[in-house]
Amino acid sequence: MPENPAKNKNAADLAVSFCGVRLKNPIVAASGTFGFGREYAELWDISRLGAISVKGLTRQPRQGNPPPRIAETPAGMLNAVGLQNPGAEAFIKTELPFLRGFDLPVFANISANTPEEYGEMARLLANAGVDLIEVNVSCPNVRAGGIQFGTDPAAVARVTEEVKKNAVSVPVAVKLSPNVTSIADIARAAESAGADGISAINTLLGMRIDLRRRRPVLHNNTGGLSGPAIFPVALRCVADIYRAVKLPICGGGGVMTARDAAEMMIAGAACVSVGTATVFEPAAIPELLDGLPDLCRELGVGGIAELTGTLALN
Ligand SMILES: Cc1cc2nc3c(=O)[nH]c(=O)nc-3n(C[C@H](O)[C@H](O)[C@H](O)COP(=O)(O)O)c2cc1C
C-alpha cells in the first residue's frame, strides 16, 4: 500500500519548490520518456508525480528520425528519436487539457530552429497556461533546434533572452547538455541571460556498431546515451552547476531509485527527473516514490528539500 501522509504524523514532507512552482514531491517525469502521460495514466495514478516534463515540442509536428532509433547498451540505452511530436498547437489543443485533469504541474519542453522561434513557442505555451517552460538546447539527435545552441554560451544566452522576453508569466528553465567542456560555463550564460532555473543533464552522445554490416546500429549514426550508465556523469554535472550559479536545478540522468534521487539532491538538485528508469520498468516512479519517506527518516531529514546542496566536498 502506498503511504498516506495524513495518517502518519511523522511522515517526511516531500514537497519541494522549483523556480517558484510547488511540487508535492521532487520527482519529475523526464521529457521524452513519458510522452504526454496517457499510457502511464492507464497503469498508475500519474497525479502522484511531482511534475511532468512533456515530450519535446516543436512549432510544427515532426515525424522524428527513421528507424532504427533505439539501441541497447550496457546499463543504459541509446536513442535517436529526433523529437517526434505533434507540434505545439496540437499539444495545446488535445494533450494539455488531458494533463489538466490531474493535479500535476506541467513543464513544456521546447525545441526550435532559431532563437525567435523559441520565443514564439514560449509565448504560445505560456499563454496556454503551462507551469514552466523547459528550453531544450541539448538534443543531440536533430540537426537544428538542439545541441548547436547548447554547446555555445553565447547561443544559450541568446535563446534564453528570447524565451524570457516572450514568456513573461511563466518561469523558464534551460536544459543543458553534458557534451561540453564546462557545463558550469553554459549554466552561467543561462543565468546571466535571465533563466529562472537549470535542468541537467540531457543525454551523452554515443554510438553502437553492427559488426556484420560495419555500420552504426542507429539510422542517425549517433544517439543519446541515457540510463544508469550516465548517473555518475549527471551527479558531477549537477554538483558543478550548483557551485557555479544561484539558480535551482532539476537534476537527472540515470536516476533509478529513491537513493539515487537523494544523491542527486545532495549534489544540488531541487527536484529530480526520472527518464530511462521508466522505459525499463513502467512502475519505476511509483516504486521510487514509495521509498522516499523511509529514506528521509534514515537520513534524518523532516523535509526532503533539506537535502538540496548539502554535499560537502573532500
Ligand atoms: C527516448 C528518449 C527521448 C527523449 N526525448 C527528449 C526530449 O524530447 N526533450 C528533452 O529535453 N530530453 C529528451 N530526452 C532526455 C531525457 O529527458 C533525459 O534528460 C535523459 O534521458 C537522461 O535521463 P535518464 O537517464 O533518467 O533517462 C529523451 C530521452 C530518451 C531516452
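Select from the range 73-85 the residues that are out of contact with any Leu (no Cβ under 8 Å at 6 or more places or on another chain) and in a strand (DSSP E or B) and list them in ascending order. Don't jump to the end; show me each part of the working.
Here is the first cut: in the range 73-85, the residues out of contact with any Leu (no Cβ under 8 Å at 6 or more places or on another chain) are 74-75, 79, 81-84.
The one that is out of contact with any Leu (no Cβ under 8 Å at 6 or more places or on another chain) and in a strand (DSSP E or B): ASN79.
What number goes with the only condition from (1) modelled with pLDDT of 95 or more; (2) touching a His at 6+ places or on another chain (Cβ under 8 Å) that SER47 does not pass?
Only one criterion is unmet by SER47, namely (2).
Tally time: how many residues in the range 4-39 are modelled with pLDDT of 95 or more, over 11 Å from ALA305 (Cα atoms) and either small (Gly, Ala, Ser) or out of contact with any strand residue (DSSP E or B) (no Cβ under 9 Å at 6 or more places or on another chain) (or both)?
Of the residues in the range 4-39, 9 are modelled with pLDDT of 95 or more, over 11 Å from ALA305 (Cα atoms) and either small (Gly, Ala, Ser) or out of contact with any strand residue (DSSP E or B) (no Cβ under 9 Å at 6 or more places or on another chain) (or both).
What do you reckon, is ALA239 under 20 Å from ARG69 (Cα atoms) and within 19 Å of the chain's Cα centre (by Cα)?
Values: under 20 Å from ARG69 (Cα atoms): no; within 19 Å of the chain's Cα centre (by Cα): yes.
Answer is no for this residue.
Please name all residue pairs, on different chains or six or more residues apart, with Cβ atoms under 7 Å, provided the first residue is in the range 227-244 and is farther than 19 Å from GLY76 by Cα and modelled with pLDDT of 95 or more and the second residue is away from the ligand (no atom under 14 Å from the Cβ) and not in a helix (DSSP H, G or I).
VAL238/GLY268; ALA239/GLY268; ALA239/LEU311; ILE241/GLY268; TYR242/GLY268; TYR242/GLY309
Filter the range 194-214 down to residues that are in contact with a Lys or Arg (Cβ under 6 Å, 6 or more places away or on another chain) and at positive phi, then give me how many there are.
So the answer is 1.
For ALA128, which of the numbered conditions (1) surrounded by fewer than 18 Cβ atoms within 10 Å (Cβ to Cβ); (2) more than 30 Å from ARG100 (Cβ to Cβ) fails to hold?
Answer for ALA128: the failing condition is (2).
Only one of GLY275, GLY300, GLY268 is at positive phi and either among the hydrophobic types (A, V, I, L, M, F, W, C) or buried (at least 18 other Cβ atoms within 10 Å of the Cβ) (or both). Can you tell me which?
Result: GLY268 is the single residue among GLY275, GLY300, GLY268 that is at positive phi and either among the hydrophobic types (A, V, I, L, M, F, W, C) or buried (at least 18 other Cβ atoms within 10 Å of the Cβ) (or both).
Tell me whether the range 89-108 contains one or more residues that are without any contact (Cβ under 8 Å) to a residue 40 or more places away in the chain, touching a Lys or Arg at 6+ places or on another chain (Cβ under 9 Å), not small (Gly, Ala, Ser) and not in a strand (DSSP E or B).
yes
May I ask you to say which residue of ALA261, ALA229 is surrounded by fewer than 24 Cβ atoms within 10 Å (Cβ to Cβ) and small (Gly, Ala, Ser)?
ALA229
Could you grab me the full set of residues in the range 261-270 that are assigned to a helix (DSSP H, G or I) and within 15 Å of the chain's Cα centre (by Cα)? Outline the logic, then answer.
From the range 261-270, those assigned to a helix (DSSP H, G or I) are 261-267; that's our starting set.
Selection gives ALA261, MET264, MET265.
Within the range 271-314, which residues are within 16 Å of the ligand (Cβ to nearest atom) and outside any helix (DSSP H, G or I)?
Within the range 271-314, CYS271, VAL272, SER273, VAL274, GLY275, GLU281, PRO282, ALA283 meet the criteria.
The values are calculated or read from the model by the stated rules, or taken from the named source; none is laboratory data. Predicted model only: the values in this text are computed from it and were never measured. For neighbour counting, all protein chains shown are included, and Cβ atoms are generated from backbone atoms with ideal geometry for every residue, glycine included.
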